[in-house]
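Structure first, then comments.
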């Protein structure tokens, strides 16, 4: 094995490892969910980052490295596809479209995904340790209000867009109508110019006769 | 050539000429071989308690990335037997312990009992006990049978060894065929500008930092001097090859401030 790693990769792995283990430590579900995955290795090759990320479970911790020599399950995909997969549960379709390639035991990947989905962190309790109960309550209250307003705004925008698509779009001028209108304007322009020339000629005739 | 480079060259020449007299260098000083071990031991007994804090301060935390790089380059696998030589406070051992798993084994070896004690306490506090053993050992005379380890690492330790060639031969002996040695060590910066900035930092700031935090400026003066006295990238590669290692390569990290050498035993 050669030096197919860089310090930047190590920095990314190190940060990821810290965030994941901190999140697991804070989760109300604890780290018991990791037990079935003890010593299992999931390797994820994301097109966007260009190097493998290896997740290995050991003693209730997840180690992140860029080693890809051995794995129980290897996934080749992109961040975009992972987002689509989470939203629409279209595993088979994405595999058919060559956007997702899974080698090895798919259950390992599913178990890792389940752990990520079931993370349950009581952010308010954690925040209260640093800033106290009352400011945390106020922050929480403010956060909830903000979330409600954003949610309302989002729903409203969605409803308006739907309405526009269903009703308003029918009233919008089509391309052919615009083209026909442009043609009419051009014809009118020609007629106006002809009339203008005739008026000019008549004016000249009248002024010559008056002389 | 800078004055420090000239000093270094003179000192290496002196050491080479005096090899018959059993002399070696301790920083920029030329000392008797039998003295170096106790002098180095004195340095590490003194800094052991503050070693991790000082490493973070001195390298701005980058030593963690250098060590992670070493681990990834080792290609270690579950079930492997690893020797973390001059392992000190156990940074590499901690990661190796997790990667080799229950069926593997990691031996943290250091010649210095104070460093070994700090390492043992730190790893036990982190709950890492199942597959780690601690051995006080001299790298020149490793107390292990031939062909024992899949991976041997020595991070920031080789420059403190009295007879580096003998140590490399000893490591070769205990490595299994197919096994690899990884030497992570300070080296010679690739660019003149980095070299000058690094010299200024090492000789002006580092000892003061040591004085302030570890209350021991002299030990950090020795650190700076010992780095300058350590063989450069190509020389160390040749030394590894002379000890028997094959497919020996090195990779400069952070502009050559540190280099990772890797060699195989076949």
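Read-outs throughout are calculated quantities, based only on the coordinates presented, and are distinct from any laboratory measurement. All values reported here derive from a predicted model rather than from experimental measurement. Cβ atoms come from the backbone with ideal geometry, glycine included; neighbour counts cover every protein chain shown.
Seen from a random direction on average, the alpha-carbon convex hull of region A:7-121 projects onto 7.1 square nanometres.
Inverting the pair-averaged 1/r between distinct Cα atoms of region A:141-185 gives 13.4 Å as its Kirkwood hydrodynamic radius. Any chance you could tell me what percent of the C-alpha pair distances in chain B go past 29 Å? That fraction is 27 percent. Using just its DSSP H runs of length 4 or more, each adding -39500 (n - 2.57), chain B gives a mean residue ellipticity at 222 nm of -14500 deg cm²/dmol after division by all residues. Considering all C-alpha pairs of region B:64-135, those separated by over 19 Å amount to 26%.
Scoring A:119-132, B:228-241 by mean Cβ neighbours within 10 Å over their residues and listing the highest first yields B:228-241, A:119-132. Centroid-to-centroid, using Cα positions, region A:1-72 and region A:121-156 are 30 Å apart. Measure nothing fancy, just the Cα-based angle from helix B:91-100's long axis to the longest principal axis of chain B, in degrees from 0 to 90, nearest 10. Long axis of B:91-100 versus the principal axis of chain B: about 20 degrees. Counts of other chain beta carbons within 10 angstrom of each beta carbon in peptide A:56-64 average 4. Taking the C-alpha atoms only, the angle from helix A:133-163 to the longest principal axis of chain A is near 40 degrees. With contacts taken as Cα pairs under 8 Å at a separation of at least 6 residues, chain A carries a relative contact order of 15 percent. Going by neighbour counts of Cβ atoms within 10 Å, the residues B:173, B:180 line up, fewest first, as B:173, B:180.
Across all C-alpha atoms in chain A, the radius of gyration and Dmax reach 33.2, 115 Å.
Here the protein assembly as shown was treated as a single set of alpha-carbon atoms; its pair distances binned every 10 Å from 0 give 4, 15, 22, 19, 13, 8, 6, 4, 4, 3, 2, 1, 0, 0 percent. Equivalent-ellipsoid semi-axes for region B:97-213 (Cα gyration tensor, √(5λ), whole Å, largest first): 30, 20, 14.
Of all the options A:166, A:57, A:178, the one that moves most in a Gaussian network model of chain A with Cα springs shorter than 10 angstrom is A:178. Angle check, please: helix B:217-229 long axis (alpha carbons) against the longest principal axis of chain B (alpha carbons), in degrees 0 to 90, nearest 10. Orientation of helix B:217-229: about 90 degrees from the principal axis.
Each peptide in B:184-196, B:99-111, B:121-133 was scored by the mean count of other Cβ atoms within 10 Å over its residues; highest first, the order is B:99-111, B:184-196, B:121-133.
Could you give the semi-axes, largest first, of the ellipsoid that matches region A:118-211, computed as the square roots of 5 times the alpha carbon gyration tensor eigenvalues and rounded to whole Å? All intermediate terms of the calculation are to be shown ahead of the outcome.
Values: eigenvalues 1111, 74, 17 Å².
Whole-Å semi-axes of the equivalent ellipsoid: 75, 19, 9.
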